[in-house]
Amino acid sequence: MEDYLKLIPKRLDKIELRKIDNKYYLLIPMSSRLDFLARKLHGEYRRLELDEVGAFVWELCDGTRTIEQIGKKVKEKFGENAEPLYERLVTFILELYKRNLILLGGWDERGG
């Protein structure tokens, strides 16, 4: 777990966070030629819904903070509602990484 806390997440510029009807969504461009049918059915973006904590974390993934520093900000804002803090935070950030929505500084250096 300690190793993960040193990673520095950076959101991709092409992905936009937008609040629509009081819900937070990541708008992910469907730019691949393979997305042709999906674009016809759903428009130019895939939408991924985030809760308030997820949207807050997304905004903090600017490439300047470690996961540990992001966790401290989440704790300040959401308190006990964020617990278990680091387990949830690391899982969320790794899921964003697997979906190619963020980069992880320090990941390649440690062989992830």
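Miscellaneous remarks
- Near pairs, Cβ below 6 angstrom, 6+ apart or cross-chain, from the stretch 62-88 (modelled with pLDDT under 95) to any residue that is of a type in the set (A, V, I, L, M): ALA82/VAL74
- Scanning the stretch 13-59 for residues that are surrounded by 14 or more Cβ atoms within 10 Å (Cβ to Cβ) and part of a loop (DSSP other than H, G, I, E, B), we see that the one that is modelled with the lowest pLDDT is MET30.
- The set of residues in the stretch 83-107 that are among the aliphatic types (A, V, I, L, M) and touching a Leu at 6+ places or on another chain (Cβ under 8 Å) comprises VAL90, ILE93, LEU101, ILE102, LEU103, LEU104.
- Of everything in the stretch 60-72 that is within 12 Å of the chain's Cα centre (by Cα) and not in a loop (DSSP other than H, G, I, E, B), the residue that is farthest from THR91 (Cα to Cα) is ASP62.
The values are calculated or read from the model by the stated rules, or taken from the named source; none is laboratory data. Not measured: the values here are computed from a predicted model. So basically every Cβ, Gly included, is an ideal-geometry build from the backbone, and we count neighbours across all protein chains shown.
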